[in-house]
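Peer 1: Pasting a structure here, questions to come.
The values are calculated or read from the model by the stated rules, or taken from the named source; none is laboratory data. Computed from a prediction, not measured in an experiment: that's the story for all the values here. Cβ placement follows ideal geometry from the backbone for every residue including glycine, while neighbour counts extend to all protein chains displayed. Please note that ligands, DNA and RNA were not included when accessible areas were found on the heavy atoms of the full protein model with its side chains. Shrake-Rupley method; radii C 1.70, N 1.55, O 1.52, S 1.80 Å.
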Amino acid sequence: TMFYAMKEAASRGLKQGAQVVIGALREASGDGILRRRSGQLAASWYAGATTDGPQGSEVAIGSKMVYANIHEDGGTIRPIKAKSLTEPMGANLTPRGVPRYKSVADLKTEFGARNVFTLKSGGREGLIMAKTGKSAKSVKAFFALKKSVVIQPSHYITRTLEKEADTVKERIGTEVAVAM
């Protein structure tokens, strides 16, 4: 029937539009709006199957990375099991900001547990340091200890959806026009 053909056409157009949005989100969470570090967030975007809901056809778009939403809305990150968060810094960061050592345990494996220590002064948040060689100059900071870290909202998802809304509508309209 004509109704079924139109419904299928709208669903095809929605799937195409979702792929456009996925591509734009990958760009925005890469070097578009956010600064790409590892590329895992950009690669994690997916579109679910289209379903028929009370408002018509729907498609869910999401990310497998748990930190996708905090970049969107912002928020404060606090430690759950530890006293402090370890924020990679200094010698631990590549030029793109990717940690060379993901944890203090990795640092201890690389330089030996005896060469990794905490430096604190006056009750302030401290630093995780490591002696990386034999000279006095070989002591470097790898992590800052933080009670919490505030992430500022970027609204990269909202901005991307607003930017691509007309393209999604065009894809749906084109598929429905062809079906007619």
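Peer 1: Could you give the length gained by full extension between Lys134 and Ala91, i.e. 0.36 nm per residue of separation minus their alpha carbon distance, to one decimal place? Don't skip to the end; give the middle numbers.
Peer 2: Details: separation 43, 0.36 × 43 = 15.48 nm, distance 1.65 nm.
Working it through step by step, the gained length comes to 13.8 nm.
Peer 1: Take the Cα pairs of the chain, get the Kirkwood Rh, then feed it into Stokes-Einstein at 20 °C and 1.002 mPa s and tell me D in µm²/s.
Peer 2: 108
Peer 1: A 30 angstrom limit on the alpha carbon distance is what I want to check against. Which of Lys64/Lys163; Lys81/Lys137; Lys81/Lys140 exceed it?
Peer 2: On the way: Lys64/Lys163 22 Å; Lys81/Lys137 34 Å; Lys81/Lys140 26 Å.
Flagged as over cut-off: Lys81/Lys137.
Peer 1: While we're here: Leaving out ligands, DNA and RNA, and with a 1.4 Å probe, what % of the accessible surface on the range 1-123 is carbon or sulfur?
Peer 2: Exposed carbon and sulfur together represent 53 percent of the surface.
Peer 1: Over the chain, what is the mean sequence separation of C-alpha contacts under 8 Å (at least six apart), divided by residue count, expressed as relative contact order in percent?
Peer 2: About 32 percent, as a whole number.
Peer 1: Find the accessible area per residue for the chain; the probe is 1.4 Å, ligands and nucleic acids are left out, and the unit is Å².
Peer 2: 65
Peer 1: Could you give the dipole magnitude of the chain about its Cα centre, charging the beta-carbon of Lys and Arg +1 and that of Asp and Glu -1, in debye to the nearest 20?
Peer 2: Approximately 1620 debye in magnitude.
Peer 1: Using a Förster distance of 35 Å, how high is the FRET efficiency between Ser121 and Gln40, based on the Cβ-Cβ distance and rounded to 0.05?
Peer 2: 0.50
Peer 1: A follow-up question, please. If you build the Cα gyration tensor of the range 1-83 and take the root of 5 times each eigenvalue, what three semi-axes come out, in whole angstrom, biggest first?
Peer 2: 34, 16, 9
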